[in-house]
Amino acid sequence: MAATLCRILLPKQGWLPFTQCVRHGSKSVTRHKRPLHFLKQKLMSVTRYIPPPRPVPLGAYPRKTSRDQEDDPFTILIKKKLKSVLQESKMIAVVQNSGSTGDEMVLLKYKLLKHGITVKFFPNQVVRSFLKDSTYSNMAPLFIGHTVLFISKEPKVKEMLSSLRTSRHMLLLGAFIDNTLLSAQGVVSYSKLPSVAVVQGELVSGLTLLTSQTAAMLQRHPAQLSALLQQHVKQQSSEGAPKAEEAT
């Protein structure tokens, strides 16, 4: 119909038009993809092919170690020694060694030993595994790199800091003093506190001063009261004498 309409409208001069009328219509789709039955979907998902994993070459990844592995006898011995050292000490300081020589370490040990402070070396892996289930578990983050322990049965903080000032390669990370975990700045602040003997002396002197002041006040009040009464009597007597003279 469109072709006949074009022939009618165009003049018959024996030439074809540059454009041709072509019919464009919608294509009728008669075949749609039907959804699969749910049983067939289950069967296909179960029977789907799963390719095997690609083999990993040896050495490409680090070896997996189980944490529940039992400790060897040497590790158990180190843990027992560490436990005894921590229980017998009131000051446990963690110091990082950043490249001190053997002579410097020997000299530092000698200076600390004069004040009753000993230097102990323990592997960090063993120390962290021991501290994990103990009361010192908060100290575990301090054990990083090459660390040593300064241990003393008494909290001799001032002596330890004075010895560390002479060593350039030893850095104080923290300490556990009198069941209290302190940072490096906290250890410095702790060293500025007065000793126990000084505090006890100040407390005793303060108590004696209060008792002496109380006794003095108790003794002063009756004497002061009697003096005031005597002064009042004198004033009354002195005021009564002129009145009597005026009456006469």
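The values are calculated or read from the model by the stated rules, or taken from the named source; none is laboratory data. Quantities reported herein were computed from a predicted structural model and do not represent experimental measurements. Cβ coordinates were reconstructed from backbone atoms using ideal geometry, including for glycine residues, and neighbour counts include every protein chain displayed. Just the protein is used for accessible areas: all its heavy atoms, side chains included, with ligands, DNA and RNA removed. Shrake-Rupley method; radii C 1.70, N 1.55, O 1.52, S 1.80 Å.
For the range 56-184, a simple Cβ point-charge model (Lys and Arg +1, Asp and Glu -1, everything else neutral) yields a dipole of about 180 debye relative to the Cα centre. Averaging the sequence gap over all C-alpha pairs within less than 8 Å and six or more residues apart, then dividing by the number of residues, gives the range 148-210 a relative contact order of 24 percent. Each part gets one Cα centre, and for the range 98-135 versus the range 146-219 those centres are 22 Å apart.
With every protein chain left in place, what is the accessible area of ILE144 in Å² (1.4 Å probe, nearest 10)? Counting only protein heavy atoms, the figure is 110 Å². The heavy atoms of SER89 offer some 20 square angstrom of accessible surface to a 1.4 angstrom probe. Restriction of the trypsin sites (Lys or Arg not before Pro) in the range 118-196 to DSSP coil positions whose beta-carbon has at most 14 other beta-carbons within 10 angstrom yields LYS132, LYS153, ARG168, LYS192. Among the listed pairs LYS153/LYS192; LYS80/LYS153; LYS81/LYS156; LYS83/LYS192, those whose Cα-Cα separation exceeds 27 Å are LYS83/LYS192. Rg over Rh for the range 129-217 works out to 1.19, both radii taken from alpha-carbon positions and Rh defined as the Kirkwood radius.
Ranking PHE130, LEU171, ILE144 by Cα position along the charge dipole of the range 113-178, where only Lys, Arg, Asp and Glu carry charges on their C-beta atoms, puts LEU171 farthest toward the positive end.
Of the GluC sites (Glu not before Pro) found in the range 68-142, the ones in coil according to DSSP and having at most 14 other Cβ atoms within 10 Å of their Cβ are GLU70. Between PHE38 and THR135, the contour length at 0.36 nm per residue exceeds the alpha carbon distance by 29.0 nm. Ligands, DNA and RNA excluded, the heavy atoms of SER98 present near 80 Å² of accessible surface to a 1.4 Å solvent probe. Out of the total accessible area of the range 34-154 (probe 1.4 Å, heavy atoms of protein only), what percent is carbon and sulfur? Its accessible area is 58 percent carbon and sulfur atoms.
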